[in-house]
Amino acid sequence: MQVIETIAELMALRQQLSDAVGFVPTMGYLHQGHLALVKRARTENSAVVVSIYVNPAQFGLREDFAGYPRELDRDFELLQREKADIIFVPSDAEMYPPEFSSWIDVQKVTERLEGASRPGHFRGVATIVAKLFNLVQPSRAYFGQKDAQQAVVVKRMVADLDMGIEIVVVPTVRESDGLAMSSRNVHLSPEGRRAATVLFKALTLAQQLGRGGEKDAEEIRRQITSLIQKEPLAGIDYVSIADARTLEELSFIDRPALASLAVTIGRTRLIDNMPLE
Ligand code: AMP
């Protein structure tokens, strides 16, 4: 496994790879969710590249960029065990030199949910992912279902800009009580950690209602909202029942749908989602 910090070194190493390259972009502080992406990439490609970069451009002014957890040595150890080949850990100066002035703006699918709550977030995501794709030139890139809208945005960008990269979406990895693994879970207090299971409970309820034949999206929104409101530590940012492909809110469930939530527990903002059949 090689850990490299510069674009020049990455490009030189990339030239030596001729077979399928799988790429897993991350912000580090790795957990089993990230590692599921790496494992999948390992089985499907002859080389695996992982990036670890906390991208300032995707954080809003009042968001947790400075406090985002970082622990590179532990990340390297975990990636070594998963047999990743190249770890790219660039600096901000490497990715955004002072003259940097090009941005990717994916429209429509970025207008709702995370895009509405976090203005500029997906502009930062799309731009860094496009840069990393140009550098790594992967055959396949791996993203988590946990960030469902991000996967939709990246797929849109790849299709619109003819990037020719296969986007593989990997199911969400959860703790034993259902909480979706996230680097941000470390910020939860013990009471907050207990309260955070309300997201999984609410999404499970949405799935059960869907399976029971409920087609009225507003009724599902109402029931899961009231379940979350019973948890005193939880504050709702959004509750969405949307078209799984376009992310447009539905009133009637007559196509593949996605239930998604953003909930704050104390100062920690958590997101999660589940498909509705
Ligand atoms: P992040 O480091 O949070 O930017 O995440 C890097 C990648 O890992 C993204 O594609 C995420 O969707 C994915 N990911 C994060 N948490 C999970 C999880 N619990 N299960 C599956 N994938 C995840």
query = Counting other Cβ atoms within 10 Å, which trypsin sites (Lys or Arg not before Pro) in region 20-81 have at most 14 and lie in a DSSP loop?
reply = Arg62, Arg70
message = With the cut-off at 1.5 for a/c, could you classify region 2-170 from its C-alpha gyration tensor as rounded, prolate or oblate?
response = rounded
ask   = When the chain is treated as a GNM, springs tying every alpha-carbon pair under 10 Å, which of Ala206, Ala180, Ala66 comes out with the largest mean-square fluctuation?
value = Ala66
ask   = Given the Cα-Cα distance of Asp19 and Leu161 and 0.36 nm per residue of separation, how much length would full extension add, in nm?
value = 48.8 nm
The chain, helix-only ellipticity at 222 nm - DSSP H runs n ≥ 4, -39,500 (n - 2.57), divided by all residues, nearest 500 = -11000 deg cm²/dmol
request  = May I have the count of lysine pairs in region 2-170 with C-alpha atoms under 20 Å apart, counting pairs 8 or more residues apart or located on different chains?
outcome  = 5
key: Of the DSSP H helices in the chain, those whose Cα atoms cover at least 15 Å axially and whose Kyte score averages 0.5 or more   = 121-136, 197-211
request  = Find, among the chymotrypsin sites (Phe, Trp or Tyr not before Pro) in region 83-176, those assigned to loop by DSSP (not H, G, I, E, B) with at most 15 other beta-carbon atoms within 10 angstrom.
outcome  = Phe100, Trp103
task = Note down the magnitude of the dipole of the chain about its Cα centre, charges +1 on Lys and Arg C-beta and -1 on Asp and Glu C-beta and zero elsewhere, to the nearest 20 debye.
result = 500
task = Mind telling me which of Gly213, Gly235, Gly124 comes out most flexible in a GNM of the chain, alpha-carbon contacts under 10 Å?
result = Gly213
note = Between the modelled labels at Ser102 and Asp216 (7 Å from Cα along Cα→Cβ) the distance in nm is 5.2
request  = State the Cα centre-to-centre distance between region 208-277 and region 126-163 in whole Å.
outcome  = 25
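Among the DSSP beta bridges whose two residues both lie in region 1-127, what percent are antiparallel, rounded to the nearest 5?
0
All of the numbers you see were taken from the coordinates with simple rules; none came from a lab. Values in this document were obtained by computation on a predicted structure and should not be read as measured data. Positions of Cβ are backbone-derived with ideal geometry, glycine not excepted, and every protein chain shown enters the neighbour counts.
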